[in-house]
Amino acid sequence: MRPTADSSAKEAEAAPPIRSLRHLVAGQWRTGDGEELVDLNPARPHETVAVGRLARDRDLDEAVTAAREAFPRWAATPPHARGRILDRAAGVIEAHADQWGEELAREEGKTRDEGVGEVRRAAEIFRYYAGEASRPVGEVFASPRPGEQIHVVHRPVGTVAVVTPFNFPAAIPAWKIAPALGYGNTVVWKPASLVPLLAVRLAEALVEAGLPDGVLSLLIGDGSLGGRLVEHPGVDAVTFTGSTGVGRGLIAACGRMARPVQTEMGGKNAAVVLADADLELAVREVLAGAFRATGQKCTATSRLIVQEPVADAFLAQLTKRAAALRVGDPLDPATEMGPVVTLEARDRIQHAVDAAAARPGVDVLTGGRRYDDDRTAGAFVPPTVVELAGDDPLWREELFGPVLAVRRAGDTREALALADDSEFGLSAAVFTDDLRAVTAAMDGLEVGVLHINSETAGADPHVPFGGARQSAYGPKEQGRAAREFFTRTTTVYLRGSGGPLL
Ligand code: UN1
């Protein structure tokens, strides 16, 4: 619903109470005494969702100390017992999916359905890692020496710093924290300060599930606190999802300390629509990839390559459907796309589109203009499709918003070359049933995730997720792949003292 003066007044009356933010340190909730933090609703930036105070260095030190102290006992807890706690946490998260999903929509801006879906997804991720105790725990190799076996055992790495972004306030923390804890590590977590309420909710779920004191601490703070957490002498490993700029800084800092680091960073993901594609399917999937979550996903479709023979027809359909998307308040069930996360993000994205529109060879097919109706007060950016005649900053720079840059290609080879023309390499999508094109994409596109006939976004909990090139650094996330980062191995040469018995 686009708020009219009347409906805004009603909504204000019905607005849920302002929540209080808190930190979790050594098993205790505390209010913190740093600067004030006001968590605003990007659809109605005058509406406060939650308030609190930032954590300070003293909280950070205490959280890291508590995590180190809790580590030996947690690491020695049988994985089945750890798994039972993760499973109970999954149950708590699921039971609150409607309420927390709505809170997520209010603080982040994605639609209510997307928010509820994301909270359910977080529960699913906790449940996956709860089951890890029933899966193999290591490898056994044959030995060249009689009477000996060689075992590779996995051990937790210690205290892990978890730093998470605003765009998936539930799912990304879940896919870092669940494996970290499941494999026996303790965690100090610093979420993006734009989405603190969902962080409190996830921590509450783990406390309610019976997580021992100190095993997880939550510190709400700004980027500088995140930097100090990453460099804290008591931290053994760092996992981060966020911007490429911040990620590279963390990688450098961790490199100086020889500290294991895993980062998930930017993307400029291409969808390729070849001439034989099912155009109706491709339109639907490209729309979803580009505009779900308001394009604020590192896996979002932000580049589109269309093969010439179908380009006019495809772009006509796509722009018509993009222009018809209902953009508005995330809590209105009719809304298909919410705002971006802040007014600053809106202005930055809008500015980049304005600058592009002024360059020759750039044609804004739909969107591109600020709303001049009752959405002006919110952080709304229209679904925008821009055709480029050639290279352009819009082709290269990640905007993290609902903006799709389009180019045309003559043949399959050119289309795939354009898809691969990026410093990033997170995901790509190819729409075709042509086997040669599919195998060429599998062999030739340097991406961590490839979709054939589906949108570029999405990540199932049980399979590896992560990018190539500048999109990622370190081992992949999710599924069994997460074990590589969250454990270290010991190779054990095992034999009795008296030589072989048989
Ligand atoms: C998805 O595509 O559903 O930050 C998940 C991001 C990614 C997660 C994408 N790490 O957008």
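Okay, residues lined up against (1) aliphatic (A, V, I, L, M); (2) surrounded by 22 or more Cβ atoms within 10 Å (Cβ to Cβ):
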residue	(1), (2)
L216	yes, yes
G223	no, no
T241	no, yes
I251	yes, no
M265	yes, yes
A282	yes, yes
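One line per residue, one yes/no per condition, for (1) at pLDDT 95 or above; (2) over 20 Å from K297 (Cβ atoms); (3) within 23 Å of the chain's Cα centre (by Cα):
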residue: R348; (1), (2), (3): yes, no, yes
residue: V353; (1), (2), (3): yes, no, no
residue: R359; (1), (2), (3): yes, yes, no
residue: G367; (1), (2), (3): yes, no, no
residue: D373; (1), (2), (3): yes, yes, no
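Screening A419 on (1) of a type in the set (A, V, I, L, M); (2) outside the structural domain of Q307 (by TED's automatic domain parsing); (3) touching a strand residue (DSSP E or B) at 6+ places or on another chain (Cβ under 7 Å) shows it passes everything except condition (2).
Of these, E139, E103, which one is closer than 25 Å to R201 by Cα and of a type in the set (D, E, K, R)? Steps first, please.
Numbers: E139 fails: closer than 25 Å to R201 by Cα.
Answer to the check: E103.
The set of residues in the range 328-343 being among the β-branched types (V, I, T) and open to solvent by less than 10 Å² (accessible area, probe 1.4 Å) consists of V340 alone.
Restricting the first member to the range 295-321 and to residues that are at positive phi, and the second to residues that are aliphatic (A, V, I, L, M) and more than 10 Å from the ligand (Cβ to nearest atom), the beta-carbon pairs closer than 7 Å and six or more apart or on different chains are G295/V403. Among the residues of the range 286-324, those identified as open to solvent by 10 Å² or more (accessible area, probe 1.4 Å), small (G, A, S), away from the ligand (no atom under 13 Å from the Cβ) and out of contact with any helix residue (DSSP H, G or I) (no Cβ under 8 Å at 6 or more places or on another chain) are A316, A323, A324. V215 meets the conditions (1) within 16 Å of the ligand (Cβ to nearest atom); (2) of a type in the set (A, V, I, L, M, F, W, C); (3) touching a helix residue (DSSP H, G or I) at 6+ places or on another chain (Cβ under 8 Å) in every case but one. The failed one is (1).
All told, T65 meets the bar of being in a helix (DSSP H, G or I) and of a type in the set (S, T, Y). Inspection of the range 268-288 identifies at least one residue that is within 30 Å of R228 (Cα to Cα) and touching a residue at least 12 places away in the same chain (Cβ under 8 Å). When the range 425-442 is filtered for residues that are within 26 Å of the chain's Cα centre (by Cα) and more than 21 Å from R408 (Cβ to Cβ), the ones remaining, listed by number, are G425, L426, S427, M442.
Would you point out which residue out of V195, V246, V200, V160 is closer than 24 Å to T490 by Cα and not assigned by TED's automatic domain parsing to the domain that holds E423? When all the criteria are applied, what remains is V160. Scanning the range 165-181 for residues that are open to solvent by less than 10 Å² (accessible area, probe 1.4 Å) and in contact (Cβ under 8 Å) with a residue 40 or more places away in the chain returns N167, P169, A170, A171, I172, P173, A174, K176, A178, P179, A180, L181. For the range 450-479, a tally of residues being open to solvent by 80 Å² or more (accessible area, probe 1.4 Å) and either away from the ligand (no atom under 16 Å from the Cβ) or of a type in the set (F, W, Y) (or both) returns 1. From R495, R483, R396, which residue is in contact (Cβ under 8 Å) with a residue 40 or more places away in the chain, in contact with a strand residue (DSSP E or B) (Cβ under 6 Å, 6 or more places away or on another chain) and among the charged types (D, E, K, R)? The unique qualifying residue is R495.
Between A209, A277, the distinction of being more than 16 Å from the ligand (Cβ to nearest atom) and either under 13 Å from P165 (Cα atoms) or assigned by TED's automatic domain parsing to the domain that holds I305 (or both) belongs to A277 only.
For the subset of the range 399-416 comprising residues that are more than 14 Å from K268 (Cα to Cα), outside any strand (DSSP E or B) and not basic (K, R), which member is least open to solvent (accessible area, probe 1.4 Å)? Break it down stepwise before answering.
First pass over the range 399-416, keeping only residues more than 14 Å from K268 (Cα to Cα): 408-416.
Cutting the leftovers down to outside any strand (DSSP E or B) gives us 410-416.
Next, only the ones that are not basic (K, R) stay: 410-412, 414-416.
Values: G410: 42, D411: 79, T412: 41, E414: 83, A415: 1, L416: 22 Å².
Top of the filtered list is A415.
What is the number of the single condition among (1) crowded, with 24+ Cβ neighbours inside 10 Å; (2) within 16 Å of the ligand (Cβ to nearest atom); (3) over 22 Å from L225 (Cα atoms) that Y129 does not meet? Tallying (1) crowded, with 24+ Cβ neighbours inside 10 Å; (2) within 16 Å of the ligand (Cβ to nearest atom); (3) over 22 Å from L225 (Cα atoms), Y129 fails exactly one: (2).
Only residues that are in a helix (DSSP H, G or I) and touching a residue at least 24 places away in the same chain (Cβ under 8 Å) were counted in the range 418-467, giving 7. Taken as a whole, the range 430-440 holds no residue that is crowded, with 22+ Cβ neighbours inside 10 Å, β-branched (V, I, T) and touching a Lys or Arg at 6+ places or on another chain (Cβ under 9 Å).
The values are calculated or read from the model by the stated rules, or taken from the named source; none is laboratory data. A quick note: this is a predicted structure, and the numbers were derived from the prediction, not measured. Counting neighbours? That spans all protein chains shown, and the Cβs are built from the backbone with ideal geometry, glycine included. Areas reflect the complete protein model, heavy atoms only, side chains present, ligands, DNA and RNA absent. Shrake-Rupley method; radii C 1.70, N 1.55, O 1.52, S 1.80 Å.
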